Amino acid sequence: TPKANHTYMNVLQVLGWIIFIIVVFNYGNYTASYYTERLKEISIRKYFGAAKSKILGKFILEMASVALLVIITAIVLFALLIPFMNDLTSNEALNVNAMLETSILTILLVILVSILAVSVLYPILYLLNLAAYKGITGKSAIKGNNSFRRILMSLQFFGTAIMVFFTLVVFFQMQYLENKNLGF
């Protein structure tokens with residue numbers, strides 16, 4: 001296979017992981033607020049005798065289907081964008097069959113489980129432990145310092161700021177190199 005510049009590949013890999021971590025924190029924060037809005041539904045289910053395991057299973061299945069849909073969409077986008085990626089990295093080795101390797105599928109499964117753990121278990125377990133009557137009457141407005149959500153928001157903002165900063169630095173460096181008079 002043609003040789004690729006490993007520096008480009010490493011930079012793209014680091015950028016991909018940073019974007020992925022920002023997306024996971026954003027998704028976790030979204031689901032925390034989403035399940036807070038569904039507190040009344042959870043409370044009514046608990047009041048009428050639904051087991052906590054059944055409620056938890058329903059929400060895990062719901063979010064697992066959403067996460068699985070996102071992974072399938074990512075695989076389709078990967079298949080469509082392979083030619084552009086090969087041009088960018090000067091590497092013709094990327095192909096759709098790379099996604100079907102067991103190591104890649106294992107990594108995708110681990111990513112799916114970790115996203116579900118971050119985004120579903122924290123808010124649902126918290127809401128399941130509230131008394132059912134508080135959610136129905138609206139007296140439980142989820143009080144507290146919400147430190148987990150604040151940490152998620154801070155990490156998301158910090159990661160995005162770093163990405164914007166480094167993007168601007170690289171952009172201005174490229175502009176400088178393109179416009180610099182070399183003296184020839």
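Tabulated values for the structure
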| read-out | value |
| --- | --- |
| Residue ID - nearest to the chain's Cα centre (by Cα), chosen from residues in segment 39-63 that are without any contact (Cβ under 8 Å) to a residue 60 or more places away in the chain and open to solvent by less than 50 Å² (accessible area, probe 1.4 Å) | Met63 |
| Checklist (1) more than 17 Å from the chain's Cα centre (by Cα); (2) at pLDDT below 75; (3) surrounded by 14 or more Cβ atoms within 10 Å (Cβ to Cβ) applied to Asn29, failing item | (1) |
| Selection status of Val24, part of a helix (DSSP H, G or I) and farther than 23 Å from Ser147 by Cα | no |
| Residue that is nearest to Thr167 (Cα to Cα), among those in segment 19-74 that are in contact with a helix residue (DSSP H, G or I) (Cβ under 6 Å, 6 or more places away or on another chain) and among the basic types (Lys, Arg) | Lys40 |
| Candidates Val23, Val66, Val76 - the one that is under 18 Å from Ile124 (Cβ atoms), within 19 Å of the chain's Cα centre (by Cα) and free of Cβ contacts under 8 Å to residues at least 12 places away in the same chain | Val66 |
| Residue satisfying condition, being open to solvent by less than 60 Å² (accessible area, probe 1.4 Å), closer than 30 Å to Ser33 by Cβ and at pLDDT below 70, within set Ala161, Ala132, Ala141 | Ala132 |
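The values are calculated or read from the model by the stated rules, or taken from the named source; none is laboratory data. Note that this is a predicted model, so its numbers are computed, not measured. Virtual Cβ from ideal backbone geometry, glycine too; neighbours counted across all protein chains shown. Note: areas computed on protein heavy atoms with side chains; ligands, DNA, RNA excluded. Shrake-Rupley method; radii C 1.70, N 1.55, O 1.52, S 1.80 Å.
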